[in-house]
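**Q** I have a structure here, written as structure tokens, and I will follow up with some questions on it.
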Amino acid sequence: MRLLLGVLVLLTSLSVRAQPELPLPGSIKERVMVVWGGGRTREEAESFVQSYQERSVDWARVVEAGPGYPRIVDGTDLPGLRPGYFFVVLGVCEAQEGEAVAKVFKALEPRSYSRRVLWEERDALACPSLLPGWSFGKSTQMRVTGGTLMATTFQYEGEEGPRAQRSWLMILALLKKDDVESSVIEPPEDEVQSEVKGLRLGRGEVVLEEVLTHPTCDTQPRAEVYSRTWHFSVQRGAVVTKQVKKLLRKTDCAAGEGGAAAENG
């Protein structure tokens with residue numbers, strides 16, 4: 001009897017040692033998912049993927065989805081999402097970073113939003129991001145006949161040659177019930193230094209205020225500084241753009257940065 005018990009203990013011990021060691025599951029943490037849209041069926045979600053791919057052409061120089069995104073996520077598969085719903089996801093981020101970048105996409109598309117989810121850390125995070133040199137500027141929107149007019153600005157600052165370069169662009173979108181008309185607005189001049197000073201709503205219009213230097217000291221002995229006001233409105237279902245440009249001063253480049261201001265315009 002003792003011999004039989006000993007054999008059983010030995011066999012049990014060998015069986016336990018022979019089992020392969022199971023990998024430990026990845027840690028689960030709360031993360032922020034940036035969502036472009038979605039639907040009750042995968043086909044509905046795919047239409048949002050297509051809309052993102054079409055519209056993101058306008059801001060491809062400025063901001064991009066996380067690597068490998070957009071992708072469709074079944075809400076049943078991830079705690080924090082609604083089961084039975086398919087989400088078009090632009091990336092998954094650390095909490096603070098995710099909330100910040102979600103504001104950028106919210107300004108571009110009002111149906112975009114962020115959602116806190118439980119994320120298994122064995123899956124690498126892939127957060128949407130602004131491209132080098134670009135920062136999120138200002139945004140505003142107004143109701144117009146037949147839809148909503150939305151304006152979102154981004155500012156660029158970078159080193160190109162011996163001087164820092166400053167410029168901007170704005171995504172102007174007319175969101176209708178079943179369609180979106182969008183365009184990219186930026187300074188039309190070549191070799192210009194420019195920045196947005198204000199973006200606001202006027203009476204029935206969106207107003208952008210800009211200060212620009214053109215020509216600059218990079219190309220001419222005298223630089224000219226202007227203010228320019230852009231006016232955007234919707235008339236008969238189409239966006240109408242007007243601009244007013246005013247000379248503020250001329251600067252002698254030989255006097256150096258911040259040098260003598262010559263005659264005012």
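**Q** Students often get this wrong, so check it: of Lys103/Lys245; Lys103/Lys176; Lys29/Lys106, which have C-alpha atoms separated by over 27 Å? Numbers along the way, then the final one.
**A** Numbers: Lys103/Lys245 31 Å; Lys103/Lys176 21 Å; Lys29/Lys106 24 Å.
Over 27 Å Cα-Cα: Lys103/Lys245.
**Q** A further question follows. Trypsin sites (Lys or Arg not before Pro) within segment 133-233: which are DSSP loop residues with at most 15 other Cβ atoms inside 10 Å?
**A** Working: sites: Lys138, Arg143, Arg163, Arg166, Lys176, Lys177, Lys197, Arg200, Arg203, Arg222, Arg228; in loops: Lys177, Arg203.
Those that pass, being in a loop and sparsely packed, are Lys177, Arg203.
**Q** Taking segment 73-148 on its own, what percent of its Cα-Cα pair distances exceed 22 Å?
**A** Of all Cα-Cα distances in segment 73-148, 35 percent exceed 22 Å.
**Q** With the calculation restricted to Cα positions, what are the radius of gyration and Dmax of segment 140-250 in angstrom?
**A** Over segment 140-250's Cα set, Rg and Dmax evaluate to 15.7, 52 Å.
**Q** Restricting things to alpha carbons, find the Rg to Rh ratio for segment 28-130 using the Kirkwood radius for Rh. Can you show the working numbers first?
**A** Details: Rg = 12.6 Å, Rh = 13.4 Å.
With Rh from the inverse mean 1/r over Cα pairs, Rg/Rh is 0.94.
**Q** Moving on. Just need the relative contact order of segment 28-130 here, percent rounded to a whole number, with Cα pairs under 8 Å and 6+ apart. Each step should come with its number before you reach the end.
**A** On the way: 210 pairs, mean separation 45.0, N = 103.
Averaging sequence separation for qualifying contacts and normalising by length gives 44 percent for segment 28-130.
Bear in mind these aren't lab numbers, they're just calculated from the coordinates by the rules spelled out. Note that the structure is predicted; figures quoted are calculated from it, not measured. A quick note on method: Cβ atoms are made from the backbone with ideal geometry, for glycine too, and the neighbour counts reach across all protein chains shown.
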